[in-house]
Amino acid sequence: MNPAVGLFAFLAVSLATAVIGFYGLRISRTTGDFYVASRTVPPWWNASAIGGEYLSAASFLGVAGLILLSGTDALWFPVGYTAGYLMLLLFVAAPLRRSGAYTIPDFTEARLDSALVRRVTSLVVVAVGWLYIVPQLHGAALTIRITTGLPSWVGSTAVVVVVCLTVVAGGMRSITFVQAFQYWLKLTALAVPVVFVLLVLAGNGTAPQAPLPINPTGQASAGAYQHISLLVALLFGTLGLPHVLVRFYTNPDGQSARRTTLIVLGLLSVFYLFPTVSGAVGRMFAPELAQSGQADALVLLLPGKLIGGTAGDLLSALVVAGAFAAFLSTTSGLVVSLSGVISQDLFGGSVKGFRLAAVLAAVVPLGFALMTDTLALAGSVGLVFAFTASTICPVLLLGIWWRGLTDAGAIAGMLTGALLCGGAMVVGTLMGSGNAPAWLAQPAAWSVPAAFAVTVVVSLATKSRVPASVNRVMSRLHVPERPVVTER
């Protein structure tokens, strides 16, 4: 790929993001605008924004790369990512919107009437957010290195700079405009090259290369345990992602939150068709990318390899633009959600505090990203889902649906999940990819049930700590809003 074309695509999408973000500054004035866009985002717009922030580096680059490496084993990722939203629709979307909270810690404090629960939840939310931002920055580093030849740190740093500018400028209001635009850019950036590649292959009568063996890196094919554990992580992890949950606070009411989630399911289903096709085409026509360790760069390199020339360069530029839209939109959503938590807990919850928190929320994971490296984008994000499913998800689900939850149970469950899943992640990383046993490489199958069990058992043992306000709060969560009747 021509480095100049890649650099132009990167600069173009960064400039477009900044311009749209600064446009949002014109209508971002109040604290509500910065935190939840004053709860006025309509379903289609909000669904596009959710699609923009949810479809991260793992979705844009990692899914196709894993299909190239593992074939049908990797299909659990797009299935799990999409099915997680069905769980959101059924169990979380409307009650969470009715809670009236700005952030997840707001919700747990109101539900359990405990400042300590709020502080523990805040720490977990920040940890989840930072863990999720790092793979986005790794993806940016990979993309800038492959497409322009520039040092890896340029990509990571550029993403953080652009995100800080847009978030600081207009908060949630600005990011809503940005992320909605970036979903459609990402969809176009994957769909158009895939269609052209398929047309060229069909027109030329190109024959596929020798069949690529499953897991050409030498790792064993995933077994039933890994599949089950991965699905548990993706299904339950989606319920606890802070940047996704905060989006439901921006809907006007619970009914619009449900409608938003239904639309998101459709948008995700359409999107995941294209990285899946890209991975399948890569297995048949570009298997050497797997052996060379460039699996995560498959969607970036496929147009140039199979089409070539000016057309290949233009299609590659579109893919690069979509890739950076993925990094920017997901990182933006995470920074906004973390800024709300950090600002309220450390800086008083003001607009100025939100802006200071945004810089802190973005700079810390940049430091981690510059000190580490990974090429398994989808796999690393899958571990973040496992951690989220083991910590935030039990408290959120039980807080919405079980009156018996107590502050002691919530804290014990979050700490248990964090220690078990976090410990497995650390030990598995130290042992190295492919060397860790399945139960360490994919801990969700046991860490999530353990967290739920501890939360329930400790809550039952501390029944006296059930807050007196539980009936009032549960009524707010589950009684539908009355429709507004306009008099004539």
Exercise. Restricting attention to segment 146-155, report how many residues are among the small types (Gly, Ala, Ser) and buried (at least 24 other Cβ atoms within 10 Å of the Cβ).
Key: 1
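On the given criteria, is Gly100 touching a Phe, Trp or Tyr at 6+ places or on another chain (Cβ under 9 Å), surrounded by fewer than 20 Cβ atoms within 10 Å (Cβ to Cβ) and at pLDDT below 85? Give the derivation first.
Values: touching a Phe, Trp or Tyr at 6+ places or on another chain (Cβ under 9 Å): yes; surrounded by fewer than 20 Cβ atoms within 10 Å (Cβ to Cβ): yes; at pLDDT below 85: yes.
Taking the combined requirement at face value, the residue satisfies it.
So for segment 166-179 (the condition being modelled with pLDDT of 90 or more, open to solvent by 10 Å² or more (accessible area, probe 1.4 Å) and part of a helix (DSSP H, G or I)), does at least one residue qualify? Steps first, please.
Filtering segment 166-179 for residues modelled with pLDDT of 90 or more gives none.
Scanning segment 166-179, I find no residue that is modelled with pLDDT of 90 or more, open to solvent by 10 Å² or more (accessible area, probe 1.4 Å) and part of a helix (DSSP H, G or I), so the answer is no.
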Quiz item: Of all residues in segment 309-326, which are open to solvent by 10 Å² or more (accessible area, probe 1.4 Å), more than 14 Å from Gly52 (Cβ to Cβ) and in contact (Cβ under 8 Å) with a residue 60 or more places away in the chain?
Solution: Ala311, Asp313, Leu314, Leu315, Ala317, Leu318
Quiz item: Do we find that Ser339 is open to solvent by 10 Å² or more (accessible area, probe 1.4 Å), of a type in the set (Ser, Thr, Tyr), at pLDDT below 90 and closer than 16 Å to Val168 by Cβ in this structure?
Solution: no
Quiz prompt | From the options Ser256, Ser292, residue that is hydroxyl-bearing (Ser, Thr, Tyr) and over 27 Å from Arg98 (Cα atoms) | solution = Ser292
Quiz item: Could you say whether any residue in segment 282-300 is in a helix (DSSP H, G or I), open to solvent by less than 40 Å² (accessible area, probe 1.4 Å), closer than 17 Å to Leu142 by Cα and not aliphatic (A, V, I, L, M)?
Solution: yes
Practice problem: Could you pull out the residue among Val79, Val36 that is over 16 Å from Ile392 (Cβ atoms), of a type in the set (A, V, I, L, M, F, W, C) and modelled with pLDDT under 80? | Solution: Val36
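A quick yes/no check of all residues on (1) buried (at least 22 other Cβ atoms within 10 Å of the Cβ); (2) over 22 Å from the mean Cα position of the chain (by Cα); (3) of a type in the set (Gly, Ala, Ser):
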| site | (1), (2), (3) |
| --- | --- |
| Leu116 | no, yes, no |
| Trp130 | no, no, no |
| Ile133 | yes, no, no |
| Ile144 | yes, no, no |
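Which residue out of Asp373, Asp313 is closer than 24 Å to Leu7 by Cβ and not in a helix (DSSP H, G or I)?
Of Asp373, Asp313, the one residue that is closer than 24 Å to Leu7 by Cβ and not in a helix (DSSP H, G or I) is Asp373.
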Exercise. Report yes if Thr331 is crowded, with 21+ Cβ neighbours inside 10 Å and either within 21 Å of the chain's Cα centre (by Cα) or touching a residue at least 40 places away in the same chain (Cβ under 8 Å) (or both), otherwise no.
Key: yes
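The values are calculated or read from the model by the stated rules, or taken from the named source; none is laboratory data. What you see is a predicted model; the values in this text were computed from it and never measured. No Cβ is skipped: glycine too gets one built from the backbone with ideal geometry, and neighbour counts run over all protein chains shown. Note: areas computed on protein heavy atoms with side chains; ligands, DNA, RNA excluded. Shrake-Rupley method; radii C 1.70, N 1.55, O 1.52, S 1.80 Å.
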